[in-house]
Amino acid sequence: MLDIAWNLIKQEQLDFSYLTLFQIIEQYANQKYDYRDNSIELEGVKYYMIETDADNEIWKLSFNRDNRNGDYFSSGDEQKSKGVRANTLYKASCILKFNFYKDDSFLREFGNLNDLRHKIAHEGAKNQVSNKNIQKVLEIIQMIRQ
């Protein structure tokens with residue numbers, strides 16, 4: 001996927017290259033996050049990102065709605081009704097927070113990057129990606145690969 005993204009960058013198709021690069025992050029989060037029990041494994045220990053009690057689920061990150069810059073997750077437990085499925089933004093945010101120790105500012109920025117991905121993929125936005133956006137996503141990929 002990196003090769004495909006690089007070829008798209010060379011062809012100045014930044015929107016498609018951005019989607020391809022972002023997909024690497026999404027795939028990593030989906031592989032690392034165990035959807036069967038909502039956990040991630042850190043150094044051989046399983047940590048639960050959603051815990052269930054009698055009536056609710058307790059998510060380890062809180063959802064923040066930001067219509068202008070993109071929704072994001074941040075530190076703090078949040079109670080939700082049972083049965084709400086963790087989306088890829090939640091999974092990736094958990095990995096960034098608990099595996100790579102990123103702060104809330106970073107998670108908010110990641111929400112912005114995810115919002116841009118959404119606008120391109122689902123709303124048909126064109127010519128929205130800058131070199132800076134590509135660089136930010138590449139930095140996350142580099143962190144994952146290390």
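Key figures for this structure:
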{"item": "Qualifying residue in region 90-102 (condition: out of contact with any Lys or Arg (no Cβ under 6 Å at 6 or more places or on another chain) and over 27 Å from LYS132 (Cβ atoms))", "result": "no"}
{"item": "Of all residues making up region 48-58, the number that are surrounded by fewer than 14 Cβ atoms within 10 Å (Cβ to Cβ) and within 16 Å of ILE95 (Cβ to Cβ)", "result": "1"}
{"item": "Counted residues, region 21-61 - those being in a helix (DSSP H, G or I) and touching a helix residue (DSSP H, G or I) at 6+ places or on another chain (Cβ under 9 Å)", "result": "10"}
{"item": "Candidate set: region 8-20, residues that are out of contact with any helix residue (DSSP H, G or I) (no Cβ under 8 Å at 6 or more places or on another chain) and either buried (at least 18 other Cβ atoms within 10 Å of the Cβ) or not charged (D, E, K, R) (or both); chosen: the one modelled with the highest pLDDT", "result": "GLN11"}
{"item": "Residue ID - nearest to GLU57 (Cα to Cα), chosen from residues in region 67-105 that are of a type in the set (Phe, Trp, Tyr) and surrounded by fewer than 18 Cβ atoms within 10 Å (Cβ to Cβ)", "result": "PHE98"}
{"item": "Selection within region 72-82 - of a type in the set (D, E, K, R) and in a strand (DSSP E or B)", "result": "ASP77, GLU78, LYS80"}
{"item": "Where a residue in region 116-135 is surrounded by 10 or more Cβ atoms within 10 Å (Cβ to Cβ) and its partner, wherever it lies, is basic (Lys, Arg) and at pLDDT 90 or above, with Cβ under 8 Å and at least six apart", "result": "ALA125/LYS119; GLN128/LYS119"}
{"item": "Residue in region 114-135 that is on the phi > 0 side of the Ramachandran plot, out of contact with any strand residue (DSSP E or B) (no Cβ under 6 Å at 6 or more places or on another chain) and hydroxyl-bearing (Ser, Thr, Tyr) present", "result": "no"}
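Let's see how each residue does on (1) of a type outside the set (Asp, Glu); (2) modelled with pLDDT of 95 or more; (3) more than 16 Å from the chain's Cα centre (by Cα); (4) part of a strand (DSSP E or B):
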position: ASN67; (1), (2), (3), (4): yes, no, yes, no
position: GLY70; (1), (2), (3), (4): yes, no, no, no
position: VAL84; (1), (2), (3), (4): yes, no, yes, no
position: LEU89; (1), (2), (3), (4): yes, yes, no, no
position: CYS94; (1), (2), (3), (4): yes, yes, no, no
position: TYR101; (1), (2), (3), (4): yes, yes, no, no
position: PHE106; (1), (2), (3), (4): yes, yes, no, no
position: ALA121; (1), (2), (3), (4): yes, no, no, no
position: ASN127; (1), (2), (3), (4): yes, no, yes, no
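For every residue, the table says whether it meets (1) within 26 Å of PHE16 (Cβ to Cβ); (2) β-branched (Val, Ile, Thr); (3) touching a strand residue (DSSP E or B) at 6+ places or on another chain (Cβ under 8 Å).
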residue: ASN56; (1), (2), (3): no, no, yes
residue: TRP59; (1), (2), (3): no, no, yes
residue: ASN64; (1), (2), (3): no, no, yes
residue: GLY111; (1), (2), (3): yes, no, yes
residue: GLN142; (1), (2), (3): yes, no, no
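The values are calculated or read from the model by the stated rules, or taken from the named source; none is laboratory data. Please read these numbers as outputs of a predicted model, since none were measured by experiment. Cβ atoms come from the backbone with ideal geometry, glycine included; neighbour counts cover every protein chain shown.
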